[in-house]
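The values are calculated or read from the model by the stated rules, or taken from the named source; none is laboratory data. Model, not experiment: these values are computed from the prediction. Here the Cβ is made from the backbone with ideal geometry for all residues, glycine too, and neighbour counts use every protein chain on show. Just the protein is used for accessible areas: all its heavy atoms, side chains included, with ligands, DNA and RNA removed. Shrake-Rupley method; radii C 1.70, N 1.55, O 1.52, S 1.80 Å.
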Amino acid sequence: MHWDIQLPVELSDYFASNGEASNSFPTDERSNQRISIRTRGLLWSDVALPFCPRPNRPIGIYTRDFSRTGAGFLSSVQFFPEEELRVVLPTFWVRVRVTRVRRLGEACFEIGTILLHKYSPSLDAFEPSLEPQMESTH
């Protein structure tokens, strides 16, 4: 698997920062504590938007942080709010819905998501989506 993410120079020590995450900005009033977990993962698009079909192949991502209700990661691909994704990590996998996206560089997007479901490790994480590339009905 190849990761195409091009980290901006200000994130050159990206993988050195793990542990409790600080607030992103002074008025950040999140209700759940975030934990920085910086590792590589795989992502599949399960529910794409009609104007932006996605290939059914994995995309390499760098995880950013996790909370009880969401996750953040970096991707070389721009996603859009309401897309549903499957993120596979060594110790678990999750289904998430994109809530925000911010471009950090030419091939680096910061993606914020809400958690739809968390799963224990299993081969099911690598199965094709039951709703491939269809608009969400949520």
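Descriptive notes on the structure:
- Yes/no for PHE66 being aromatic (Phe, Trp, Tyr) and either modelled with pLDDT under 95 or open to solvent by 40 Å² or more (accessible area, probe 1.4 Å) (or both): yes
- Scanning the range 47-79 for residues that are part of a strand (DSSP E or B), of a type outside the set (Ser, Thr, Tyr) and free of Cβ contacts under 8 Å to residues at least 60 places away in the same chain turns up ILE59, GLY60, ILE61, ARG64, ASP65, PHE66, GLY70, ALA71, GLY72, PHE73.
- Residue satisfying all of: in the range 10-63; aromatic (Phe, Trp, Tyr) and modelled with pLDDT of 90 or more; nearest to VAL94 (Cα to Cα) among these: TRP44
- Members of the range 80-109 found to be assigned to a loop (DSSP other than H, G, I, E, B) and either under 18 Å from LEU7 (Cβ atoms) or under 9 Å from the mean Cα position of the chain (by Cα) (or both), listed by number: GLU106, ALA107
- Failed criterion for SER120 (all others in (1) small (Gly, Ala, Ser); (2) touching a residue at least 40 places away in the same chain (Cβ under 8 Å); (3) over 25 Å from SER12 (Cβ atoms) hold): (2)
- Residue count, the range 77-112 (criterion: in contact with a strand residue (DSSP E or B) (Cβ under 9 Å, 6 or more places away or on another chain), open to solvent by 30 Å² or more (accessible area, probe 1.4 Å) and not aliphatic (A, V, I, L, M)): 12
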